[in-house]
Amino acid sequence: MEQQEHKHHIKAEFKKIKLRQIIGVTAAIACAVYIHFTQGLDVNRVLIVSGVGLFFSSVNWRCPSCKKYLAHFPLDLQKCTKCGAKFT
Ligand SMILES: [Zn+2]
């Protein structure tokens, strides 16, 4: 029973992480577009926006069970490749 609750918790956590990731990525893109139209896009601004985006992703995009970074996987990830925790 406890194991079942844990699994349920992982799925709920992953939903939140996924939502945050979508919002974060959308915000980073919106920010880049905004800067592009208001101030013009230069290398430094691109680096700052990408840096913030990558930093956010590295903090947020982690397995809710083992806390390992879920690198280079699509958002419809089914389970953690590190610990095998199921997300869906
Ligand atoms: Zn994991």
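Amide H contacts for Phe87 (H built 1.01 Å from N in the peptide plane; partners 5 or more residues away or on another chain; cut-off under 5 Å): Lys79, Cys80. Each of Ile17, Ile48 was scored by other Cβ atoms within 10 Å of its Cβ. Arranged with the fewest first, they read Ile48, Ile17.
The phi torsions of the range 17-27, fed into the Karplus equation with coefficients 6.51, -1.76 and 1.60 and a -60° offset, translate into couplings of 4, 4, 4, 4, 5, 5, 5, x, 5, 4, 5 Hz, rounded to whole numbers, with Gly and Pro shown as x. For Arg62, nonlocal amide neighbours, meaning residues 5 or more places apart or on other chains whose placed amide H falls under 5 Å from its own, are Leu70.
Helix content alone sets the calculated 222 nm mean residue ellipticity of the chain: runs of n ≥ 4 DSSP H residues at -39500 (n - 2.57) each, divided across all residues, give -22500 deg cm²/dmol.
Where a number appears in this text, it was derived from the coordinates with a stated rule and is not lab data. Predicted, not measured: the structure shown is a model, and the values here were computed from it. When we count neighbours, we look across all protein chains shown, and the Cβ atoms used for this are built from the backbone with ideal geometry, even at glycine.
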